[in-house]
Amino acid sequence: MIGGARVRLNRWQQAAVAVGSAVGALLDPRRADLIAALGETTGKPAFERVVQRMKSSPEGRAILLEQPRVISANVGHAWDLPPNTFGAAYAKFMGSRNFSPDNRPPVRFMETDELAYVAMRAREVHDFWHTLFDLPTNLMGESALKVIEFQQMYLPMCLMSVIGGSVRFNEKQRKLFFQHYFPWAIRAGMQSTDLMCIYYEKHFHEDLEDVRRKWGITPAPAAPKQTQAAAASSGLVKKP
């Protein structure tokens, strides 16, 4: 099931939900349901373009046809794969944070089943992208990944999330983000292959570095030495 009961909205209702979700998400960025609603009510044209790109790609067409779900029942085998594999790296990412792939909010405001699936797919592969780009789940890591997601899908929600996230940085973190991670994220998003057209589950058994090279993915760089303290306070630099 892609979502719960889907809700059809007219334009005024879409605008009201979008504004309310945007305000609520800025006040409490932990509200995944509000961020999801914002993405759905402002992202229809972007998701329609993603669908067309997926239909032009062999793996993208397979995803649309088979509609795989990133849920525990389907990705649990990743925990049993060799440590050098993409699947094992994903399992480590999820396990170290006590995350479950089953905890994504349902799609409620997409008009068609196909758009609803693609919106859910974008939501569910988010943690694959964290793994591949080696980004943490703190505010700076999420903001950097939203830049990449915007480069890939042009979702207005991603841009708004970056703006909202940067407001919450302290001065040193903001300088670090815009001078170091923001330029990297722009380049990383442009250089990567079309990330929505990858059937990630079929590549779990492959070497992590091999798939990064194959998909043109550049992991997040280490923070410059002079900004280590700011990075450490945001959690972006890994402790030895």
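The values are calculated or read from the model by the stated rules, or taken from the named source; none is laboratory data. Because the structure is a prediction, the values reported are computed rather than measured. A quick note on method: Cβ atoms are made from the backbone with ideal geometry, for glycine too, and the neighbour counts reach across all protein chains shown. Accessible surface areas use protein heavy atoms only, side chains included; no ligands, DNA or RNA. Shrake-Rupley method; radii C 1.70, N 1.55, O 1.52, S 1.80 Å.
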Starting from the range 47-64, take each residue that is under 8 Å from C197 (Cβ atoms) and list its partners that are open to solvent by less than 80 Å² (accessible area, probe 1.4 Å) and not in a helix (DSSP H, G or I), counting only C-beta distances under 7 angstrom and pairs at least six apart or across chains.
-> R53/D194; S57/D194; E59/I198; E59/Y199; I63/Y199
Among the helices (runs of 4 or more DSSP H) confined wholly to the range 116-196, which include 3 or more residues that are of a type in the set (D, E, K, R)?
-> 139-153, 171-176
Scope the range 69-120; condition among the β-branched types (V, I, T) and either touching a residue at least 40 places away in the same chain (Cβ under 8 Å) or within 23 Å of P136 (Cα to Cα) (or both); matching residues | V70, I71, V75, T85, V107, V118
Given the structure, is R212 at pLDDT 95 or above, among the basic types (K, R), open to solvent by less than 70 Å² (accessible area, probe 1.4 Å) and under 30 Å from S57 (Cα atoms)?
-> yes
Checked the range 94-121 for anything under 19 Å from L64 (Cα atoms), among the hydroxyl-bearing types (S, T, Y) and either surrounded by fewer than 17 Cβ atoms within 10 Å (Cβ to Cβ) or at pLDDT below 95 (or both); matches are T112
Tell me which of these L159 doesn't satisfy, since it passes every other one: (1) modelled with pLDDT under 95; (2) buried (at least 19 other Cβ atoms within 10 Å of the Cβ).
-> (2)
For E48, which of the numbered conditions (1) under 28 Å from I186 (Cβ atoms); (2) among the charged types (D, E, K, R); (3) touching a Gly at 6+ places or on another chain (Cβ under 8 Å) fails to hold?
-> (3)
For L81, the lone unmet condition from (1) farther than 17 Å from H205 by Cα; (2) touching a helix residue (DSSP H, G or I) at 6+ places or on another chain (Cβ under 7 Å); (3) open to solvent by 30 Å² or more (accessible area, probe 1.4 Å) is (1)
Filter the range 215-234 down to the residues that are open to solvent by less than 40 Å² (accessible area, probe 1.4 Å) and not hydrophobic (A, V, I, L, M, F, W, C), then identify the one that is modelled with the highest pLDDT.
-> G216
Within the set of pairs 6+ apart or on separate chains, which have a first residue in the range 170-195 that is open to solvent by 10 Å² or more (accessible area, probe 1.4 Å), a second that is charged (D, E, K, R) and assigned to a helix (DSSP H, G or I), and C-beta atoms under 6 Å apart?
-> D194/R53
Quick count over the range 171-203, residues being farther than 30 Å from L65 by Cβ and under 15 Å from the mean Cα position of the chain (by Cα), is 2
